[in-house]
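A.B. asks: My structure is below; once you've seen it, I'll send some questions.
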Amino acid sequence: MSQQLKLGSLELSSPFILAPMESVSDCAYRRVCWDRGASLTWTEMIRARGLARNNKSTFDLIDTFDPEVLTGVQLMVANEKELAEALEKLEKPTPHFRNIRAIDLNFGCPSPEVIRIGAGPALLKRRGKLETIFKVLASWKKSTTLPIGAVGAKIRLGLNRLEQDRQVYLPIVELANEHLDYLVVHARHARQNSADKPTWSAIAEVKARAKIPIIANGDIVTREDWERVSRETGADGALIARGAIKSPWVFRGLRGEGSGLPASDAELDAAEAQYLSLADRYGSKLKFKEWHTEGFRRMRARLHGESEKGPALPVNEHMQ
Ligand SMILES: Cc1cc2nc3c(=O)[nH]c(=O)nc-3n(C[C@H](O)[C@H](O)[C@H](O)COP(=O)(O)O)c2cc1C
């Protein structure tokens, strides 16, 4: 099992990637995870429409300030025009954008607001539209002045059970082979929530048709999970979301270096102090700081074998 992974021209030190997560994946937390073994990180989902319309709060979510931490921007697009306009805005020479190393397109967000505008998983079955979108991204990659190493997409298995049964995800692989550098497969359809068991066998079906690296996503937390998913599907890498909320050490565990959990109060204190000081330095939004303050409190409770109960983490539609 290889411990390295190449996406486009990006050389990753391991196959374990921090997922894009709304309210979680700020620049400071990405560094915390990077220092504990993540080999690539993503911003939270950014609405292409917001960039196209010069929406300041959308721009502020792009925070690739740290040049050492390999980071991509994840975009949510409804059509190719929006994408082209958003990509053009990223060319602006600002410190927020200078270190963008990859672009990912989100075809998995289950939010009704996203599906209503025909974006996210609503596009999975629209082969022609997807191809046009992929072509815009691939052609921008060739001409951009940003240091982009890889472009790709994150898909679910369909908008609903019916689409999954019809395997709408399979034709996407052919398109991705032609235009993209990798494909992330979140092995659930968009009506499923995180408690539903992912269908890893669909990742194997994708992998069998793929000429590009396939990144598995869904319930991968431990070294054993990774060994199983890579054996059962042939996936080249894994995207880690909730496991990294629970413990940024998860990446070390996946690499086979320790338990994946903080070993002591001192380790936990250092990680929290690192997060808070970087969040201040980079001006992280309050929603991120609140999330992680509560997240570290829960990690501490778990370390001491106490109940995690306390204020709920801010509600996030992806967690439904
Ligand atoms: C708090 C939270 C926020 C999320 N935000 C995003 C997002 O912005 N973009 C995205 O593609 N997926 C998002 N997701 C979904 C995850 O990237 C991932 O696909 C899903 O949680 C399954 O992976 P896991 O089993 O490792 O948690 C989010 C998930 C969580 C828990």
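The values are calculated or read from the model by the stated rules, or taken from the named source; none is laboratory data. On a predicted model such as this, the values are computed, not experimentally measured, just so you know. Cβ: placed from backbone, ideal geometry, glycine included. Neighbour counts: every protein chain shown. For accessibility, only protein heavy atoms count, side chains too; no ligands or nucleic acids. Shrake-Rupley method; radii C 1.70, N 1.55, O 1.52, S 1.80 Å.
A.B. asks: State which residue pairs qualify: first residue among the hydroxyl-bearing types (Ser, Thr, Tyr) and inside region 1-26, second residue modelled with pLDDT of 95 or more and open to solvent by 60 Å² or more (accessible area, probe 1.4 Å) in any location, beta carbons under 7 Å apart, and separation of 6 or more residues or different chains.
C.D. replies: Ser23/Lys287
A.B. asks: Moving on to the next point. So is Ile215 within 11 Å of the ligand (Cβ to nearest atom), touching a residue at least 40 places away in the same chain (Cβ under 8 Å) and assigned by TED's automatic domain parsing to the domain that holds Lys246 or not?
C.D. replies: In short, yes.
A.B. asks: Which of the residues spanning region 28-58 are more than 17 Å from Pro248 (Cβ to Cβ), open to solvent by 40 Å² or more (accessible area, probe 1.4 Å) and away from the ligand (no atom under 16 Å from the Cβ)?
C.D. replies: Arg53, Asn54, Asn55, Lys56
A.B. asks: Mind listing just one residue for me: the one in region 236-252 that is in contact (Cβ under 8 Å) with a residue 60 or more places away in the chain and among the small types (Gly, Ala, Ser) and, of those, most open to solvent (accessible area, probe 1.4 Å)?
C.D. replies: Residue satisfying both the conditions and the ranking: Ala241.
A.B. asks: Of the conditions (1) without any contact (Cβ under 8 Å) to a residue 12 or more places away in the chain; (2) within 22 Å of Thr43 (Cα to Cα), Ser143 satisfies every one except a single condition; which number is it?
C.D. replies: Against the list (1) without any contact (Cβ under 8 Å) to a residue 12 or more places away in the chain; (2) within 22 Å of Thr43 (Cα to Cα), Ser143 comes up short only on (2).
A.B. asks: Another one. I need a count of the residues in region 204-223 that are open to solvent by 10 Å² or more (accessible area, probe 1.4 Å) and over 21 Å from Leu12 (Cα atoms).
C.D. replies: The qualifying residues number 5.
A.B. asks: Given the residues Leu90, Leu83, Leu61, which is the only one that is surrounded by 21 or more Cβ atoms within 10 Å (Cβ to Cβ), modelled with pLDDT under 95, more than 15 Å from the chain's Cα centre (by Cα) and in the same structural domain as Thr145 (by TED's automatic domain parsing)?
C.D. replies: Leu90
Condition check ((1) within 12 Å of the ligand (Cβ to nearest atom); (2) touching a Gly at 6+ places or on another chain (Cβ under 9 Å); (3) within 22 Å of Glu232 (Cα to Cα); (4) open to solvent by 10 Å² or more (accessible area, probe 1.4 Å)) across all residues:
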residue: Leu146; (1), (2), (3), (4): no, no, no, yes
residue: Gly149; (1), (2), (3), (4): no, yes, no, no
residue: Asp165; (1), (2), (3), (4): no, yes, yes, yes
residue: Asn177; (1), (2), (3), (4): no, no, yes, yes
residue: His189; (1), (2), (3), (4): no, yes, yes, yes
residue: Gln192; (1), (2), (3), (4): yes, no, yes, yes
residue: Thr199; (1), (2), (3), (4): no, yes, yes, yes
residue: Ala202; (1), (2), (3), (4): no, no, yes, no
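A.B. asks: Check off (1) modelled with pLDDT of 95 or more; (2) loosely packed, with under 14 Cβ neighbours inside 10 Å for Leu157 and give me the number that stays unchecked.
C.D. replies: (2)
A.B. asks: When the residues of region 275-308 are narrowed to those that are outside any helix (DSSP H, G or I) and within 16 Å of the ligand (Cβ to nearest atom), which ends up farthest from Arg252 (Cα to Cα)?
C.D. replies: The selected residue is Lys285.
A.B. asks: Also: When region 8-27 is examined, which residues are found to be within 16 Å of the ligand (Cβ to nearest atom) and of a type in the set (A, V, I, L, M)?
C.D. replies: Result: Ile17, Leu18, Ala19, Met21, Val24.
A.B. asks: When you scan region 1-86 for strands (runs of 3 or more DSSP E) that lie fully inside it, which ones turn up with 3 or more residues that are among the hydrophobic types (A, V, I, L, M, F, W, C) and within 20 Å of Leu146 (Cα to Cα)?
C.D. replies: So the answer is 41-47, 71-76.
A.B. asks: Any residue in region 99-111 that's among the small types (Gly, Ala, Ser): show its pairings with residues that are part of a loop (DSSP other than H, G, I, E, B) at Cβ separation under 7 Å, as long as the two are six or more apart or on different chains.
C.D. replies: Ala102/Ile148; Ala102/Gly149; Gly108/Arg156; Gly108/Ala190
A.B. asks: Could you check region 222-274 and list, in sequence order, the residues that are of a type in the set (A, V, I, L, M, F, W, C), within 16 Å of the ligand (Cβ to nearest atom) and farther than 22 Å from Lys309 by Cα?
C.D. replies: Trp226, Val229, Ala235, Ala238, Leu239, Ile240, Phe251, Leu254
A.B. asks: If I ask for residues that are surrounded by 17 or more Cβ atoms within 10 Å (Cβ to Cβ) and of a type in the set (D, E, K, R), which ones from region 253-284 would you list?
C.D. replies: Arg255, Glu272
A.B. asks: Could you check how many residues of region 97-137 are open to solvent by less than 50 Å² (accessible area, probe 1.4 Å) and either under 22 Å from Leu40 (Cβ atoms) or β-branched (Val, Ile, Thr) (or both)?
C.D. replies: Number of matching residues: 18.
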